[in-house]
Amino acid sequence: MRFLVLTIIFLFITEEYFSQELNCRVQVMSQQIQGTNKKKFETMQNDIYEFMNNHKWTENVYTQDEKIECNIMINITEEVSSDEFKATLQVQCSRPVFNSTYNTVMLNYLDNNIQYKYVEFQPLEFSESSYTSELTSLLAYYAYIFLGLDYDSFSLEGGSTFFNKAEIIVNNAQNSQYKGWKAFESTKNRYWLVENILNDNYSSLREFTYNYHRLGLDRMADKSVEARTAIAEDLKLIQKAYRNKTNSTMIFQLLYDVKADEFVNIFSESFVDEKARVFNILKEVDPANISKYNKIMSAKN
């Protein structure tokens, strides 16, 4: 009896203090595929779930509450053969804001260049040092992007280790027959995402990521005016990176996709002078969302 109790306690402690890093929800959709064994897509979903959530991605210890919230949705668009598929991949990750029930989205990206092989009941194998399969390379790449973004938001450039690992995956995949890994294929793909993040011309965006989340959003509940003023000043870091932009500006669009509405919500409460300063910066760096930012100026305090 005593042995049983100790075993249960050990299992509880193991789950609580040695949990893996990701809390990743996985969905594989196959509605566009007709006349095939649907069971293999359920197995695929389970295998991807296990790969993302049970692989040890870091050397750090996570509690259950510290896991990074993320989502992967694969929409199968074509069954090339019995074990090869074309699809789209939607990835998203978020981060909690201190002293609130709010989670701020860090990444929301649709990767259209997906084609991979999957054999039902065959283990998903991944190696950091070599390209072993398209599917596990994709999954590991985004796992490291999730980790890098999360760590960057808690310490200045804290995610470098993980972004470097994502870059290694890109380098290992340069001879892959599948799209999305090479610079010449597009200005918006997996190559350019991690290139932009690590590009020195855009380093002030990583500084913004830390300041915005740790020194801004995390302080909004207790010191909203000071936090908002700090964020307004930090927008100059986006402006600096924007003025240094190179041939790929993928990182800017991904930033605005998840933060434009937050900017509006934050600065609609500002005083007039601050609104004007913020609006002028956002108008320059993100003219595509000018209709959203007009709401900052028109909001009544």
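Out of the residues in region 37-73 that are in a strand (DSSP E or B) and in contact (Cβ under 8 Å) with a residue 60 or more places away in the chain, which is farthest from Tyr151 (Cα to Cα)?
Among them, the one singled out is Ile72.
Could you please find all residues in region 16-36 being surrounded by 12 or more Cβ atoms within 10 Å (Cβ to Cβ), assigned to a loop (DSSP other than H, G, I, E, B), modelled with pLDDT under 90 and not assigned by TED's automatic domain parsing to the domain that holds Asp47?
Answer for region 16-36, where residues must be surrounded by 12 or more Cβ atoms within 10 Å (Cβ to Cβ), assigned to a loop (DSSP other than H, G, I, E, B), modelled with pLDDT under 90 and not assigned by TED's automatic domain parsing to the domain that holds Asp47: just Gln20.
Working only within region 252-290, note down all residues that are of a type outside the set (A, V, I, L, M), part of a helix (DSSP H, G or I) and within 25 Å of Gln90 (Cβ to Cβ).
Those that are of a type outside the set (A, V, I, L, M), part of a helix (DSSP H, G or I) and within 25 Å of Gln90 (Cβ to Cβ): Phe252, Gln253, Tyr256, Asp257, Lys259, Asp261, Glu262, Phe263, Asn265, Asn289.
In a loop (DSSP other than H, G, I, E, B), under 30 Å from Lys223 (Cα atoms) and in contact (Cβ under 8 Å) with a residue 60 or more places away in the chain, is that true of Asn99?
Criteria met by Asn99.
Testing Trp181 on (1) over 17 Å from Lys259 (Cβ atoms); (2) in a helix (DSSP H, G or I); (3) within 18 Å of the chain's Cα centre (by Cα), one condition comes back false. Which one is that?
(2)
Just one of (1) part of a loop (DSSP other than H, G, I, E, B); (2) touching a residue at least 24 places away in the same chain (Cβ under 8 Å); (3) not charged (D, E, K, R) trips up Thr209, so point out which.
Here Thr209 clears every test but (1).
Identify, from the list Ser204, Ser186, Ser130, the residue that is more than 18 Å from the chain's Cα centre (by Cα) and assigned by TED's automatic domain parsing to the domain that holds Thr246.
Ser204
Looking at region 98-129, which of its residues are surrounded by 12 or more Cβ atoms within 10 Å (Cβ to Cβ) and of a type in the set (Ser, Thr, Tyr)?
Ser100, Tyr102, Thr104, Tyr109, Tyr116, Tyr118, Ser127
The values are calculated or read from the model by the stated rules, or taken from the named source; none is laboratory data. This structure is a prediction, so every number in the text was calculated from the model and none was measured. As a convention, Cβ positions derive from the backbone with ideal geometry for all residues, glycine included, and neighbour counts pool all protein chains shown.
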